[in-house]
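*Asks:* Let me begin by handing over the structure; questions about it come next.
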Amino acid sequence: MSVTINADTFHLRMGKFVDAWNNAETNDDYESLRNVDAVCILAGEPIEDTGTRKSSAFQTWVLAYEFPSTLTVITKTDIYFLTSSSKAKILKQVLPEPANSPKIHLLIRPNKNKDKDAATNNTMEEIMEKRIASLPKEHHTGGLSDEFAAAFSALSPSPDTVDCAPALSALMSVKDEDELNNHRIASRLSSHLLANHFIPRLETIIDKDRKISHEALAAQLEDKLGRADDENPKGPDMKVWGTVKGITEDDLSFADFIYTPIIQSGGSYDLRTSAESTSDNLTYPGVIIASLGIRYKGYCSNVGRTIMVNGDRGQQTNWKILVELQGVILAKMKEGSTCRDLYTTAQTFLKERQPGLETNLVKSLGFATGIEFRDSAYLINAKNARLLHSDMVFCLSLGLQDLKDSKGRSYSLLLIDTVRVTSDKGICLTEAGKQSSDLFFDLGAEKDEDEDVKPTKKQIASASNGNSRGNGKPAGGRSPVKGVAVGSKILRGKTRGDGRDVDESVGKKIEAHQRELFEQLQEKGMEKYQAAGDKDGKDGKQSFKRYASYKGELALPKEVEDLKIHVDRRNRTVLLPVYGYAVPFHINAIKNTSKSDEGDFTYLRINFQTPGQVGGKKEDMPFEDPDKTFIRSVTYRSADGARFDNIYRQITDLKKEVSKLEAEKRDKMDVVDQDLIEVKGKRAPKLPEVFARPQAEGKRMPGELEIHQNGLRFHTPIGQRIHILFNNIKHLFFQPCDHELIVLIHIHLKNPIMIGKRKTKDVQFYREASDAQFDETGNRKRKYRYGDEDEIELEQEERKRRQYLNREFHQFADRIAEAVSPSGSDCDEPLEVDIPFRELSFEGVPARTNVRLQPTTNCLVHLSDTPFLVVTLDEVELCHLERVQFGLKHFDMVIVFQDFTRPPMHINSIPMTELDSVKEWLNSMDVPISEGPVNLQWGPIMKHINEDPYEFFNEGGWTFLRGEEEEESAESDSASEFQMSSEDFKEESPSEEDESEYDDNASADEGSDVSEVSEGDDWDELEKKAEKSDRKKFGNGQQSESDDDRKKKKPSGKAAPKGRR
């Protein structure tokens, strides 16, 4: 392969080096170059299994290749290369020098040893200076290094030497666009290998319960880039890399692993970059840490993640804190910050977020990277005060070590990403997922007997939703299903007899947990409304709003001179003549008008807003001073009825118009402004050919969804646009097209936005999963194919198309979640992609139609059709289940929100077969549950609560919803305590005389059929006689009467005659 050197790049970067040298007096980053006369960089013989040295990195930076056994001496006016003749021929490509550039001298080492020594001595004497910068910490081998050491020691007088490594680090740390592009490609390769190959491979290993060592698994990853062994060479595995966008097999020839991938598990973890995979087998359940680094064209990237199998709540919480910490540090990684500031920020955040966790933080949070993988001059620790500059690239390595889980076992957490520094924040170049849905697995069977059955919220994390990588085994097997919750349908592969005891134990624990939740609910309510009559800080009264018709007399219209009633629509004022003066009255001061005809005259009555009026359902209008004197009404009489008709119509229309405008204004008060900041300097990530719901005004057209600096933009070819800011996104959902006709990304907003003329809090972008294609019977394939081959092929194509759509939309949703971070757009916490958990879904009627409702990590949603439903469970006060009684096929759910001014949500007609699963799911999400046999009137209930919430909780709060259960249990307990003996029963039994008094009436009520029953018959004989009497009735043409119908009859002395119709 011929070696080609880019002369322009060489002279450009050498010019940067000389400029930095000249500015060393004012720039502390290049302090080591101050008062230096020459810089000597020696590269000796190559050594295997060592990291990239500073000398090799500098050669690669300026020449794009390493030149072993080469001495480079740089002054401000000259550049000397002492090397072999073959290398000198290659270096001739940098000649001639451009104007105002240092002059290049190529010095060739002779073949004879004596001549070599002489050449080196002559070179050193020619460039001998008083002060020389070099790399003294590097130890080289080979003939040139020995000759250089001898020649240098022979110089007289001996020059002063300084270490220029910090200056070279500062020079090479700021990347240009070509270098950043190489970093991006390297980051894309490492992210793809970890997220799209290693994690699925790990799932397969756990699913099939295979035994494999850490070393073997790391070696399998390393083989994916191929081997250059002479005995068994192997190229890159294109099955793995073929799906990476923009990467070909030729590009992979420039890629290589920086180090053998590091995989650790089993409780012993080393979070340093020098760690190695051990020969121990992979251990699960538990914590598995994996990290890998890939170099592309010499530029490095590094990525690492922690995978949890059956992780407990504490481990999941600590991981969430670690992800939040990364967002905080990314916001700090900008121009002007120091490495020390980043470490201090991390310690401060952990102290505030969870005190004591800062002691588990690793001593270094990463380092600058580039051609040299680990640049020790830019370590992120508590002592390094070096400044960060835009376009630096760091390996941000966040780790928490020596943690303890709920069982006292030791574990660590590691989160590594390659980050680019910009002027306002750090940007992750590696795009591997870091949310719970990507890294948390639940086997569902590794639970101790004494462990609580109630799962955590994160156990109902976003699942693969029909595209699960598990094999569908029951929970007793070892199938790692993401986000499986106890009580879900996946875990119900049990017989009726085996499940009875388990259901009873689960029911008891649910009841105990619900009792705790209601106690907490009562305590929180008392604390929230501790001041009587507080009503959550709202007095329920409207504020007085000032309004004016005219600023002065000059603004009055000319019609006032006529002293007639005039309606000024422009100023929303009615001018009325009062005692010879034209008095303006604003339309808001007028309550209503009325007109009546009496004889030859027409009367016009205008009623004004005054205090103390009682009318309609609305509250009284507020007044600045209700104690002042008010005009309640004024009446005018005129013989011109047509004019009064016109004035009456004008006042009425103006009143309606103003009321409508004010209602629209109130409706748009909570609508946020969408000021989008576009991405500049690069193409914005986009998702093409998607439709939006609700649809913007105009024709329905597909468009593109783009990710910009602070929000999303959807636009179509005909100019339709929708803007969504990141800081307005509350929930982000991805719903795959498995079992659905569309694949979609749904965004639930904090505050509504206007789309066209409609206000909405839900925006959805979707694409249809199946194409409208028809298979013609006369095509060519029919000549050669018979049977179902075409249908099988179409099914396979559709399955592949659905998988591609799911992958495309899921990856774009992940990119949105990565863009929405605490470091940008004023977001408080990172956004997670929520995926509906179809296995826990149930049917219900939230609006007018029966739909499928699906739980997610923190919500209950329906996204397939409009109207959409998104209920945030963190905002729910409690759920009350109505119509829960024996014999009914459906029950209703009422969701009461923590904001009592918000009306409760009703979900009706849920199948009774889903009652247990719904209760278990709500219980797992820590939502208080109550149930009752009838529907309640929630309007009066919420009105009573809003009148005085403190008094409501003081009287017991929501315990009235569970009072019936407590009373029933109390009655059953008291009944079991009292048992009547046979002697007491005989003493208290009625006498024969008393019995005879009731016999006649009883026989009259029950009819002739009951009178035939003898006193000594047992239950079997009574049933036989009842069946006989029923057959007799139907045989005579009569229909049987129910017990309720017989009870409704009035008692009479005679039985009803038979055969009467």
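*Asks:* Could you give the nm distance between label points at residue 646 and residue 528, where each point is 7 Å from its Cα heading toward the beta carbon?
*Replies:* 5.8
*Asks:* Now, a different point. Sort 428, 339 by heavy-atom solvent-accessible area, probe 1.4 angstrom, most to least.
*Replies:* On the way: 428 30, 339 0 Å².
Of 428, 339, the descending order of accessible area is 428, 339.
*Asks:* Could you work out the local net charge near residue 861, counting Lys and Arg as +1, Asp and Glu as -1, over the other residues with Cβ closer than 15 Å to its Cβ?
*Replies:* Numbers: positive: 693, 730, 761, 838, 852; negative: 740, 762, 832, 834, 839, 843, 865, 874, 875.
Spelling it out: positives minus negatives among the neighbours equals -4.
*Asks:* Per the Cauchy relation, a quarter of the hull surface: what is the mean projected area of the convex hull of the alpha carbons in region 673-746, in nm²? Let's see the in-between values first.
*Replies:* Numbers: hull surface 23.4 nm².
If I average the Cα hull's projected area over directions, I get 5.9 nm².
*Asks:* Let me check something: with ligands and nucleic acids excluded, how do 1029, 376 order by accessible area (1.4 Å probe), largest to smallest? Each step should come with its number before you reach the end.
*Replies:* Details: 1029 30, 376 80 Å².
If we order 1029, 376 from most to least accessible, we get 376, 1029.
*Asks:* Turning to a different aspect of this structure: Given labels modelled 7 Å from the Cα in the Cβ direction, how far is it in nm from residue 631 to residue 270?
*Replies:* 9.4
*Asks:* From the protein chains alone at 1.4 Å, what is the descending order of accessible area for 36, 634, largest first?
*Replies:* On the way: 36 10, 634 35 Å².
Final ranking, largest accessible area leading: 634, 36.
*Asks:* How much FRET efficiency would the formula 1/(1 + (r/R0)^6) give for residue 422 and residue 795, where r is the Cβ-Cβ distance and R0 is 60 Å, rounded to 0.05? Mind showing how you got there, number by number?
*Replies:* On the way: r = 48 Å, r/R0 = 0.79.
For R0 = 60 Å, the calculated efficiency reads 0.80.
*Asks:* Place the peptides 138-146, 92-100, 69-77 in order of packing, highest mean first, counting for every residue the other Cβ atoms within 10 Å and averaging per peptide.
*Replies:* Working: 138-146: 16.1, 92-100: 11.4, 69-77: 19.1.
In descending order of packing, they fall as 69-77, 138-146, 92-100.
*Asks:* Pairs 351/919; 889/943; 224/320; 320/363; 551/595; 425/686: which are spaced more than 27 Å apart, C-alpha to C-alpha?
*Replies:* Working: 351/919 38 Å; 889/943 31 Å; 224/320 31 Å; 320/363 20 Å; 551/595 31 Å; 425/686 22 Å.
Among 351/919; 889/943; 224/320; 320/363; 551/595; 425/686, the Cα-Cα distance tops 27 Å for 351/919; 889/943; 224/320; 551/595.
*Asks:* Given the Cα-Cα distance of residue 865 and residue 941 and 0.36 nm per residue of separation, how much length would full extension add, in nm? Display every interim value, and only then the final one.
*Replies:* Values: separation 76, 0.36 × 76 = 27.36 nm, distance 3.18 nm.
Result for the pair: 24.2 nm of gain on full extension.
*Asks:* Moving to a separate point now. Can you figure out the FRET efficiency of residue 519 with residue 709, using R₀ = 56 Å and their beta-carbon distance, to the nearest 0.05?
*Replies:* Using R0 = 56 Å, I get an efficiency of 0.75.
*Asks:* Now for a different question. Each residue of region 600-607 in order: what ³J(HN,Hα) in whole Hz does its phi give by Karplus 6.51 cos²θ - 1.76 cosθ + 1.60, θ = phi - 60°, with x for Gly and Pro?
*Replies:* 8, 10, 10, 10, 10, 10, 10, 9
*Asks:* For residue 70, which sequence-distant residues (separation of 5 or more, or a different chain) have an amide H within less than 5 Å of its own amide H, given hydrogens modelled in the peptide plane?
*Replies:* 43
*Asks:* Which FRET efficiency value, to the nearest 0.05, do you get for residue 701 and residue 886 by plugging their Cβ-Cβ distance into 1/(1 + (r/R0)^6) with R0 = 51 Å? Kindly include the intermediate steps, with their values, before the conclusion.
*Replies:* On the way: r = 54 Å, r/R0 = 1.05.
Efficiency computed from Cβ-Cβ geometry: 0.40.
*Asks:* Please calculate the 1.4 Å probe accessible area of residue 899, with all protein chains present, and give it to the nearest 10 Å².
*Replies:* Accessible surface of residue 899 is approximately 70 Å².
*Asks:* Does region 253-404 come out rounded, prolate or oblate by the C-alpha gyration tensor, with a ≥ b ≥ c the root eigenvalues, rounded set by a/c under 1.5 and, if not, prolate when a/b is larger than b/c and oblate if not? Could you put the intermediate results ahead of the total?
*Replies:* Numbers: a/c = 2.14, a/b = 1.10, b/c = 1.95.
Oblate shape, in that a/c is at least 1.5 and b/c is the bigger or equal ratio.
*Asks:* As a test question: what accessible area, to the nearest 10 Å², does residue 567 have when a 1.4 Å probe is rolled over all protein chains in place?
*Replies:* For residue 567, solvent-accessible area is about 10 Å².
*Asks:* Under the definition of Cα pairs under 8 Å and six or more residues apart, what whole-number percent is the relative contact order of region 177-441? Don't skip to the end; give the middle numbers.
*Replies:* Details: 527 pairs, mean separation 56.0, N = 265.
Relative CO of region 177-441 lands at 21 percent.
*Asks:* Which value, in Å³ per residue, describes the convex hull spanned by the Cα atoms of region 7-172? Provide the component values of the computation, followed by the final result.
*Replies:* On the way: hull volume 18.1 nm³, N = 166.
So the per-residue hull volume is 109 Å³.
*Asks:* A 23 angstrom limit on the alpha carbon distance is what I want to check against. Which of 16/297; 660/750; 404/434 exceed it? Display every interim value, and only then the final one.
*Replies:* Working: 16/297 21 Å; 660/750 26 Å; 404/434 21 Å.
In this structure, 660/750 exceed 23 Å between Cα atoms.
*Asks:* Once amide H atoms are placed 1.01 Å from N in the peptide plane, what residues at a sequence separation of 5 or more from residue 744, or on another chain, have their amide H within under 5 Å of its amide H?
*Replies:* Counting only residues 5 or more places away or on other chains, the set is 735.
*Asks:* Moving on. At 7 Å along the Cα-to-beta-carbon direction for both residue 901 and residue 658, put a label point, then send me their distance in nm to one decimal.
*Replies:* Going by the 7 Å Cα→Cβ label model, 2.5 nm.
The values are calculated or read from the model by the stated rules, or taken from the named source; none is laboratory data. For clarity, every value in this text was computed on a predicted model and none was experimentally measured. When we count neighbours, we look across all protein chains shown, and the Cβ atoms used for this are built from the backbone with ideal geometry, even at glycine. Surface areas here come from the heavy atoms of the whole protein model, side chains and all, with no ligands, DNA or RNA. Shrake-Rupley method; radii C 1.70, N 1.55, O 1.52, S 1.80 Å.
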